[in-house]
Amino acid sequence: MKKMFLGLAALALVFTSCESDKNDITEEQNIVDMSDFYVHTDIGSGEGDRNGGSTCHTMTNLNRLLEEDPKLYDKMYNIEYQSRVYAANAKGPGNGNGNGNGNGGGGTGGGGGTPPDDLGVISIPVYVHVIYSNSQENISNTQVNSQIAVLNEDFRATNTDASQVPTEFAGLVADSEVQFTLANTFRYSNPATSWGTNDAMKAAYPPVTPQTHLNIWVCNIGGGILGYAQFPGGPTATDGVVISPQYFGNTGFVSAPFDEGRTATHEVGHYLNLRHIWGDGRCRQDDFVSDTPSSDGPNYGCPSYPTVNCKSNDMTMNYMDYTNDDCMYMFSEGQKVRMRSVFQTDGPREAMAN
């Protein structure tokens with residue numbers, strides 16, 4: 001009888017354990033909804049315009065890389081899954097319950113609070129590759145340093161213009177706890193007058209230790225294009241950001257209204273896995289961040305507040321919109337959580353965490 005009792009008890013324990021495991025799996029599946037995930041966008045050749053000039057070509061570049069590497073989709077899916085698990089574990093009010101940009105899937109995108117990590121402030125060393133065909137394009141060290149300063153101000157929320165954020169969004173302004181240091185500037189004289197967006201500059205001058213360093217190529221892209229970046233998960237040989245010299249930094253050879261260094265802030269946001277604020281679609285397209293309001297498309301110039309789309313006020317001052325440099329001045333808490341997820345164990349930018 002005692003043996004029978006012990007046997008029944010063991011069997012009950014097995015069933016209880018299995019049920020517990022089942023509940024754990026169900027709970028994880030519930031907090032990580034991947035049904036809204038997308039990578040390829042139907043953006044055409046123009047991909048937006050900032051007062052007459054083409055702007056960020058990051059999504060065009062991503063479409064090309066997806067066509068060249070069929071495995072890239074799976075890599076980015078796994079990165080997104082990991083990001084959503086991290087965001088779902090973020091502490092604080094608003095997690096998964098923000099102003100969800102899209103069809104509800106954005107609820108797993110993080111809505112603020114303290115990131116669930118102990119990484120502290122992450123300092124990313126930067127290699128700047130200046131490729132020039134004339135003296136103007138051979139920008140000065142002062143101009144290069146001004147861009148690093150802007151990146152630090154914007155990503156650490158110490159920029160003075162953040163005080164202009166409307167009350168509605170003021171509580172969402174985030175110090176991402178990511179900063180940048182200039183490791184070296186490389187200079188290359190080259191007769192090419194424009195480089196396009198097919199990574200020709202990277203083939204000519206490959207990135208240096210891209211696993212641990214952010215590589216930025218400063219060269220004339222051409223066609224009025226401000227810059228483009230590569231999302232985490234792309235090829236190591238082309239990893240980094242490209243920016244035209246007249247949109248790099250806030251002093252020297254710079255061109256208004258994109259003369260405050262915010263092109264680099266925008267592109268480095270992509271490099272750390274942020275999507276455009278409107279999700280590169282209409283009201284139901286998602287940027288995977290729950291505290292950024294839904295929008296019908298990009299904003300240009302310096303929009304007045306409020307600018308209403310999709311029954312909510314646009315966060316036009318977010319760095320991931322297309323507004324003028326002096327009219328964008330914040331990342332959100334949800335975007336902070338999303339950026340920090342790439343530095344976690346087994347994350348695509350793990351080697352940069354220190």
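Some values worked out for this structure:
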read-out: Nonlocal amide H pairs with Leu272, under 5 Å, H built at 1.01 Å; value: none
read-out: Viscosity 0.692 mPa s, temperature 37 °C, Stokes-Einstein D of segment 107-242 from Kirkwood C-alpha radius, µm²/s; value: 194
read-out: Förster radius 45 Å - calculated FRET efficiency between Asp346 and Asn134 (Cβ-Cβ, nearest 0.05); value: 0.50
read-out: Val39 accessible area, 1.4 Å probe, all protein chains in place, Å² to nearest 10; value: 10
read-out: Debye equation applied to the C-alpha atoms of segment 192-316, log10 I(q)/I(0) at 0.09 Å⁻¹; value: -0.30
read-out: Gain on full stretching of the segment that runs from Arg282 to Gln164 - 0.36 nm per residue minus C-alpha separation; value: 39.8 nm
read-out: Solvent-accessible heavy-atom area per residue, rounded to whole Å², over segment 142-207 at 1.4 Å; value: 46
read-out: Computed label-point distance, nm, for sites Asn250 and Ala200 using a 7 Å Cα→Cβ extension; value: 3.3
read-out: Length added when fully stretched, Lys71-Ala192, from 0.36 nm per residue minus Cα-Cα; value: 40.3 nm
read-out: Charge tally in the Cβ shell below 12 Å around Pro206, where Lys, Arg are +1 and Asp, Glu are -1, Pro206 excluded; value: -1
read-out: Within segment 114-143: backbone nitrogen closer than 16 Å to the Thr185 label point (7 Å, Cα to C-beta); value: 126-143
read-out: Accessible-area ranking of Phe331, Phe186, largest first, probe 1.4 Å; value: Phe186, Phe331
read-out: For segment 122-134, Karplus couplings with θ = phi - 60° (6.51, -1.76, 1.60), whole Hz, Gly/Pro x; value: 9, 10, 9, x, 10, 9, 10, 9, 8, 10, 9, 10, 8
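The values are calculated or read from the model by the stated rules, or taken from the named source; none is laboratory data. All of these numbers come straight from a predicted model, not from anything done at the bench. Ideal geometry is used to build each Cβ from the backbone, glycine not excepted, and the neighbour counts take in all protein chains shown. Heads up: the accessible areas ignore ligands, DNA and RNA and are worked out on the full protein's heavy atoms, side chains in. Shrake-Rupley method; radii C 1.70, N 1.55, O 1.52, S 1.80 Å.
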